[in-house]
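What follows is a set of notes on a single structure, which appears directly below.
The values are calculated or read from the model by the stated rules, or taken from the named source; none is laboratory data. Quantities reported herein were computed from a predicted structural model and do not represent experimental measurements. A quick note on method: Cβ atoms are made from the backbone with ideal geometry, for glycine too, and the neighbour counts reach across all protein chains shown. Side chains included, ligands, DNA and RNA excluded: accessible areas come from the protein's heavy atoms. Shrake-Rupley method; radii C 1.70, N 1.55, O 1.52, S 1.80 Å.
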Amino acid sequence: MTPIPLLQQREVEAGVVAPLFRAFAAEVGEPRAREIVGGVVRDLARQGGCAAAAGGNALEHLKTVVEKWTAGGALELTVLRDDSAAFDFDVTRCRFAEMYRRLGLAELGGLLSCARDAAMIEGFNPDITFARTQTIMAGATHCDFRYRRSGAAPGS
């Protein structure tokens, strides 16, 4: 069976999760529904990170994961740094954000997609740190992904 691209997978998931989220929000309130759904999404991302690490979990292996995220033009990115201590890139186009907006789910995009990133790296390799200060999903011009090998100084 051919795996479907991640962008298509997220669209299918959104079609199921969004109505469930709205039903939960009506019952328990939106803040609690976000907390519940966010916890599940992060757990799934952590598990996905563990699975992705099966072929290796160093920074150089992380590039293979990122390639899957970009499949089919889902993300356009500019690599700023790629060495043994750091992997930094900016996402300049995010078709995930475009898809959530097209579906009328812009308010859930960050919860269903962006919230996965930190949890994924925890599962992939807890000795790699991840930082991001902005996302296209939240209205920024780009997303700034910064990964550091444990013990590597920010400028090293």
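Is it fair to say Thr92 is in contact (Cβ under 8 Å) with a residue 24 or more places away in the chain and open to solvent by less than 40 Å² (accessible area, probe 1.4 Å)? Reasoning before the result, please.
Details: in contact (Cβ under 8 Å) with a residue 24 or more places away in the chain: yes; open to solvent by less than 40 Å² (accessible area, probe 1.4 Å): no.
Considered against the rule, which asks whether it is in contact (Cβ under 8 Å) with a residue 24 or more places away in the chain and open to solvent by less than 40 Å² (accessible area, probe 1.4 Å), Thr92 comes out as no.
All of Thr141, Thr64, Thr129 fail the test of being over 24 Å from Val17 (Cβ atoms), in a helix (DSSP H, G or I), open to solvent by 20 Å² or more (accessible area, probe 1.4 Å) and of a type in the set (S, T, N, Q), apart from Thr64. For the range 95-106, filtered to residues that are part of a helix (DSSP H, G or I) and among the hydrophobic types (A, V, I, L, M, F, W, C), the residue that is most open to solvent (accessible area, probe 1.4 Å) is Ala106.
Any idea which of Gly123, Gly109 is of a type in the set (Gly, Ala, Ser), open to solvent by less than 20 Å² (accessible area, probe 1.4 Å) and touching a residue at least 60 places away in the same chain (Cβ under 8 Å)?
On the way: Gly109 fails: touching a residue at least 60 places away in the same chain (Cβ under 8 Å).
After applying the criteria, what remains is Gly123.
The single residue among Val41, Val16 that is within 22 Å of Leu111 (Cβ to Cβ) and surrounded by 12 or more Cβ atoms within 10 Å (Cβ to Cβ) turns out to be Val41. Count of the range 67-84 residues, restricted to those that are open to solvent by 60 Å² or more (accessible area, probe 1.4 Å) and among the aliphatic types (A, V, I, L, M), is 2. Of the candidates Ala71, Ala53, the single residue that is modelled with pLDDT of 95 or more and assigned to a helix (DSSP H, G or I) is Ala53.
May I ask you to verify whether Glu122 is closer than 24 Å to Ala14 by Cβ, in a strand (DSSP E or B) and of a type in the set (Asp, Glu)? Criteria not met by Glu122. Here's a check for you: in the range 144-156, which residue that is surrounded by 12 or more Cβ atoms within 10 Å (Cβ to Cβ) and modelled with pLDDT under 95 is farthest from Ala45 (Cα to Cα)? The residue in question is Ala152.
Within the range 20-33, track down each residue that is over 14 Å from Ala106 (Cα atoms), in a helix (DSSP H, G or I) and open to solvent by less than 70 Å² (accessible area, probe 1.4 Å). Before you say what the answer is, go through the steps one by one.
Step one: of the range 20-33, the residues over 14 Å from Ala106 (Cα atoms) are 20, 23-33.
Now drop any that are not in a helix (DSSP H, G or I), which leaves 20, 23-28, 30-33.
Matches in the range 20-33: Ala23, Ala25, Ala33.
Residues in the range 1-19 that are in a loop (DSSP other than H, G, I, E, B) and farther than 20 Å from Val65 by Cβ: 1 in all. Just one of (1) closer than 20 Å to Ser150 by Cα; (2) surrounded by 13 or more Cβ atoms within 10 Å (Cβ to Cβ) fails for Ile36. It is (1).
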